[in-house]
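For reference, the structure is listed below as structure tokens.
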Amino acid sequence: MESMSALPSDPAGQLAAAESARQRLAASLGTPAWFHTWLGVATTVQIGAVAYGLSDDASGPRLVAVALGALFFAVVVAVLWLRFRRLNGARVGGLFSKALMGTSNRAALAETAGLGVAVWAGLVGLWWLVALASVSGGVGYAVSARLWWRDYQRDPASHAHGDSRGMLAVVGLATVAGLVALLVLG
């Protein structure tokens, strides 16, 4: 009578082969042309829009500037994510949350620093500094995404974990609520 469950003859060898296959797959994946550049541009626009929307110089509905910056960022992220999937035919754990949505420590620091300086500069009317801080935040965000991608390709097992959709939704809602509160109170 045959055994119902066949045990592999060399489990350690099969695990090593699977890990090697994962490494080869990760190394073979690529990002679409201008991927990190567009991510940096979207972040720059978003930071600048928030700084303008929160400034005293904003004309018209201030929330519109903030919303348009966020919408531009969201559209660029969606397009980049779809282009990545079409190019590679694969989903990479962590790409959406860590690289595109900026939940890595480096991306969060770059965006927060750029946003903080840009908002302050907008409040005091230093528009050259708003532009500089927005661009710096965008460049830092794009560089952090590039560094995450490099780290993922070197060690996919350690970097393939992203934040849950629920956590991303909570952070997104908290961000929107904070910006609305600033607009209403400001």
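No lab work stands behind these numbers, since they all come straight from the coordinates. Since the structure is predicted, the reported quantities are computational estimates derived from the model, not experimental observations.
Sequentially through region 125-139, phi angles give Karplus couplings (6.51, -1.76, 1.60; θ = phi - 60°) of x, 8, 5, 5, 6, 4, 4, 4, 5, 5, 5, 4, x, x, 5 Hz, Gly and Pro residues having no value and appearing as x. Could you tell me whether region 46-131 comes out rounded, prolate or oblate from its Cα gyration tensor? Rule is a ≥ b ≥ c as square roots of the eigenvalues, rounded for a/c under 1.5, then prolate if a/b exceeds b/c, otherwise oblate. Taking the square roots of the gyration eigenvalues as a ≥ b ≥ c, region 46-131 is prolate.
Close amide H partners of Gly94, meaning residues 5 or more places away or on another chain with modelled amide H under 5 Å apart, are Gly162.
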